[in-house]
Amino acid sequence: MDRILLSTLAHRSPEEVFPYVQSFREYPRYTDHLKDVRVNGDGGVGSVYDLRLVWWKLSYTARSRVTDISAPESLTWELVNDIDARGEWRVEPEPESAPADAETASRIYFEAVYDPYSADKNAISLPRFVSLDWVVDKVQPKLLGEAETVVERLVADIEGRPRDVELTVHEMP
């Protein structure tokens, strides 16, 4: 299993940050590869999100289920189709890291644990002569850049203005 663990600082309290983390319907605004999100449920535990991803010549809909919510600290999820993956969004107060012009701060963590080789080869329509191994080799290095874009745009929404954010990489495959 591979693991990605990233974090960044938002200049808001966990109570202000968590609704943004939980709002999966807004995620297409944060990334160029997530085209739309459909939800089956009320957004709580058990809700299932269809996340339509498009990259290069590939299109894939990941189905993610919310497995636990402990607001404003944590939201866990798992993919329920085609690949073994699960993860967590975690928000921890970190007021000591707030800059002088902010009242408080929170650290936002994103964790994903996955097995890229558990993917159902029939679930992704690959172009002729393109192997799943080739796709995995091309996608994995792009994950960090994509995560940086998502986090920067998420923090801009949370704080109401864009700024440079520092992404801390705690673990990468």
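Some points to look at:
- Summary value for the stretch 17-67: 27 percent relative contact order, contacts being C-alpha pairs under 8 angstrom separated by 6+ residues.
- Of the GluC sites (Glu not before Pro) in the stretch 83-118, those whose Cβ has at most 15 other Cβ within 10 Å and which sit in DSSP loop: Glu103
- Net +/- balance of residues flanking Pro14 in space, Cβ distance below 11 Å, scoring K and R +1, D and E -1: -2
- Gain on full extension, evaluated as 0.36 nm per residue between Lys35 and Ala100 minus their Cα-Cα distance, stands at 19.7 nm.
- Qualifying trypsin sites (Lys or Arg not before Pro) in the stretch 15-79, DSSP loop, other Cβ atoms within 10 Å at most 12: Lys57
- By average C-beta atoms within 10 angstrom, highest first, the peptides 165-172, 151-158: 151-158, 165-172
- The share of Cα pairs per 5 Å bin across the stretch 1-67, counted from zero up to the longest distance, runs 3, 14, 19, 22, 23, 14, 4, 1, 0 percent.
- Rounded FRET efficiency, nearest 0.05, which uses the C-beta distance separating Leu53 from Asp164 and R0 of 25 Å: 0.40
- Annotation for Asp42 and Asp84: the two label points, set 7 Å from Cα along the Cα-Cβ direction, are 3.4 nm apart.
Here, each number is a calculation from the coordinates, and none is a lab measurement. This structure is a prediction, so every number in the text was calculated from the model and none was measured. Glycine gets a Cβ as well: all are built from the backbone with ideal geometry, and neighbour counts include every protein chain shown.
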